[in-house]
Amino acid sequence: MNAVAKSPSSLDIASRTEESVVMLTADGVLDANNSAELRDTITKATLDVPAAVVIDVSTLQVPEDSTWSAFVSARWQLDTRPDVPIVLVSTNRATREAITRSGVARFMPVYPTEKGAVKAVAKLGRRKLQHATAKLPANLTSLRESRQLVREWLTNWSKPGLIPVALVVVNVFIENVLEHTGSDPVMRIECEGQTATIAVSDASGAPAVRLQSPPKGIDVSGLAIVDALSRAWGSTPTSSGKTVWAVIGPENQL
């Protein structure tokens, strides 16, 4: 079954399903005016839990590299199914390099052909992705509760070595939500292979920004600590606010 979503800002998204894989083809120009449409289309494509979502962006024009973040935004929507692999396809090498440079490929690997992507999907479907989510109250008890949950989840997933750094990261994220947004934090932890991703969502659209380092002395702000302790971190807008995430591995130690 084919469907095409058309936007006045020149974004077309065609959809078809082949052997339980949702195939999306994005065409036109992706910009700030229609990035939310793309994000929501990808999110909806995961809701019926297909084997995977494959997105062909070979003919999609993205004038600003930063706009690729719309794909990461889809990955961190609260209702996106984290167990559904999302992969990208582009026949254009420069586009694949831009996707990788933007950090999107960290969560959505990109392939030069649809055939290669579909082949990779079979392997991704066999991956062991463990994940858990908890909505916490907008008060200081969430600091303790979030640390308890992280410890419990990572222990159950046999990843005790990641616990010390994960506790610091989640504490920073929850503390920032409580201090700057007043909203109920939603925590999601995903563990795959040797890495874990800690993500906390809130209802504020203001991005989490690391403050400029002081001219003298050591930067001990919370996000500076996260930056030092993680492989990568980011602040991604969502339809309900934002998600701040960090990826940690065995090399990240206190």
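The values are calculated or read from the model by the stated rules, or taken from the named source; none is laboratory data. Every value quoted in this text rests on a predicted model; they were computed, and no experiment measured them. Quick reminder, even Gly has a Cβ in these numbers, built from the backbone with ideal geometry, and neighbours come from all protein chains shown. The accessibility values were calculated without ligands, DNA or RNA, using every heavy atom of the protein model including side chains. Shrake-Rupley method; radii C 1.70, N 1.55, O 1.52, S 1.80 Å.
Could you say whether any residue in region 134-152 is assigned to a helix (DSSP H, G or I), among the polar types (S, T, N, Q) and over 23 Å from THR236 (Cβ atoms)? So far as region 134-152 goes, yes, one or more of its residues are assigned to a helix (DSSP H, G or I), among the polar types (S, T, N, Q) and over 23 Å from THR236 (Cβ atoms). Looking at ALA94, ALA134, just one residue is among the small types (Gly, Ala, Ser), over 20 Å from the mean Cα position of the chain (by Cα) and surrounded by fewer than 21 Cβ atoms within 10 Å (Cβ to Cβ), and that residue is ALA94. With respect to the conditions (1) open to solvent by 10 Å² or more (accessible area, probe 1.4 Å); (2) over 18 Å from the mean Cα position of the chain (by Cα); (3) among the β-branched types (Val, Ile, Thr), VAL150 falls short on a single one, namely (1). Could you list, in sequence order, all residues of region 174-193 that are open to solvent by 20 Å² or more (accessible area, probe 1.4 Å) and part of a loop (DSSP other than H, G, I, E, B)? Answer for region 174-193, where residues must be open to solvent by 20 Å² or more (accessible area, probe 1.4 Å) and part of a loop (DSSP other than H, G, I, E, B): THR181, GLY182, ASP184, GLY193.
Selection of region 72-98 for residues being within 20 Å of THR238 (Cβ to Cβ) and either modelled with pLDDT of 95 or more or not in a helix (DSSP H, G or I) (or both) yields TRP76, GLN77, LEU78, ASP79, THR80, ARG81, PRO82, ASP83, VAL84, PRO85, ILE86, LEU88. Within region 156-173, restricting attention to residues that are within 10 Å of ALA196 (Cα to Cα) and among the hydrophobic types (A, V, I, L, M, F, W, C), the residue that is surrounded by the fewest Cβ atoms within 10 Å (Cβ to Cβ) is ILE163. Residues in region 10-54 that are under 20 Å from GLN77 (Cα atoms), small (Gly, Ala, Ser) and open to solvent by 60 Å² or more (accessible area, probe 1.4 Å): ALA32 only.
Of all the residues in region 55-68, those that are open to solvent by less than 40 Å² (accessible area, probe 1.4 Å) and among the small types (Gly, Ala, Ser) number 1.
Pairs linking a residue in region 36-53 that is assigned to a strand (DSSP E or B) to a residue that is open to solvent by 50 Å² or more (accessible area, probe 1.4 Å), with Cβ atoms under 9 Å and 6 or more positions apart or on different chains, are ALA52/SER20; ALA52/VAL118; ALA52/ALA122; ALA52/GLY125. Can ALA196 be described as open to solvent by less than 10 Å² (accessible area, probe 1.4 Å), touching a Ser or Thr at 6+ places or on another chain (Cβ under 6 Å) and in a strand (DSSP E or B)? No. For VAL118, the conditions (1) buried (at least 21 other Cβ atoms within 10 Å of the Cβ); (2) among the β-branched types (Val, Ile, Thr); (3) in contact (Cβ under 8 Å) with a residue 40 or more places away in the chain are fulfilled apart from (1).
Against the conditions (1) in the same structural domain as SER204 (by the TED database); (2) within 17 Å of the chain's Cα centre (by Cα); (3) crowded, with 16+ Cβ neighbours inside 10 Å; (4) among the hydroxyl-bearing types (Ser, Thr, Tyr), SER142 satisfies every one except (2).
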